[in-house]
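In what follows, a single structure is set out as structure tokens and then discussed.
The values are calculated or read from the model by the stated rules, or taken from the named source; none is laboratory data. The model shown is predicted, which means the values in this text are computed figures rather than measured ones. Methodologically, a virtual Cβ is constructed for each residue, glycine included, from the backbone with ideal geometry; neighbour enumeration extends over all protein chains shown. Accessible surface is based on the protein model in full, side chains and every heavy atom, while ligands, DNA and RNA are left aside. Shrake-Rupley method; radii C 1.70, N 1.55, O 1.52, S 1.80 Å.
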Amino acid sequence: KYAEIILAKGGEFISIIHPGASISNSCRIGKGVMIANWCFVSENVKVGDFTFLHAFSDVGHDAEIGAYCSVEAYSFFGGGSKLGDGSVMHVRSSILPHKSVGANCSIGVGSAVMRNFTDGVKLFGNPAKKMTIIGLTGTKGKTTTAHMVRSIFDAAVDPQGSLPDVTSFYINRHAVSN
């Protein structure tokens, strides 16, 4: 990370907080943090180094946001929630009070985290669930293999539809629908 190289050579970083943001005096803000207009950061919040809180982010009391995080517009942290280093909260996503999301995670647009998750997961939905991604590469047979994988998933899902949101998938950036 470039920041570490600059710091190793004696460089310093300042944090930039928009004057329209509302930040409690009891917050601990790391270096190189950017907090946009209309953000609300409550009591005893800890924001790690080089994190960006986009406009309209709402961070409840005693929440902890790790270093190198991006919290996109209209995101919500319940009191006592935690977001690990290097994680991203996409637009209008939420972490409910006293829930934790590990490092290097991605919370999808509009998702609501209602339980704890470990490092390195991609979360999507309401309630947010771990999302499994299968990638197919090669020069021949991707479409056939993708349809076979889809058939396996369809056969494995119970009739009530454990995967109701999966109505299409992507092959080489092209949607394939059932």
Could you tell me which residue of segment 36-46 is least open to solvent (accessible area, probe 1.4 Å), considering only residues that are under 14 Å from residue 76 (Cα atoms) and part of a strand (DSSP E or B)? 41
Output the residues belonging to segment 47-79 that are surrounded by fewer than 23 Cβ atoms within 10 Å (Cβ to Cβ) and of a type in the set (S, T, N, Q). 70
Tell me which residues, restricted to segment 5-31, are open to solvent by less than 100 Å² (accessible area, probe 1.4 Å) and without any contact (Cβ under 8 Å) to a residue 12 or more places away in the chain. 5, 6, 7, 8, 10, 11
Test for residue 95: is it open to solvent by less than 10 Å² (accessible area, probe 1.4 Å) and farther than 16 Å from residue 24 by Cβ: yes
From 151, 93, 81, 87, residue being at pLDDT below 80 and among the hydroxyl-bearing types (Ser, Thr, Tyr): 151
Inspect all residues belonging to segment 69-92 and state whether any of them is closer than 22 Å to residue 128 by Cβ and in contact (Cβ under 8 Å) with a residue 40 or more places away in the chain. no
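Over 21 Å from residue 106 (Cβ atoms), part of a loop (DSSP other than H, G, I, E, B) and not aliphatic (A, V, I, L, M) - does that describe any residue in segment 82-91?
no
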Residues being within 12 Å of the chain's Cα centre (by Cα), within 21 Å of residue 125 (Cβ to Cβ) and of a type in the set (Asp, Glu): count how many of those fall in segment 41-96. 1
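Return the residues of segment 123-152 that are in a strand (DSSP E or B) and open to solvent by 100 Å² or more (accessible area, probe 1.4 Å); say none if nothing qualifies.
Our first condition is that a residue be in a strand (DSSP E or B); within segment 123-152, this holds for 123-124, 129-130.
Passing the criteria: 124, 129, 130.
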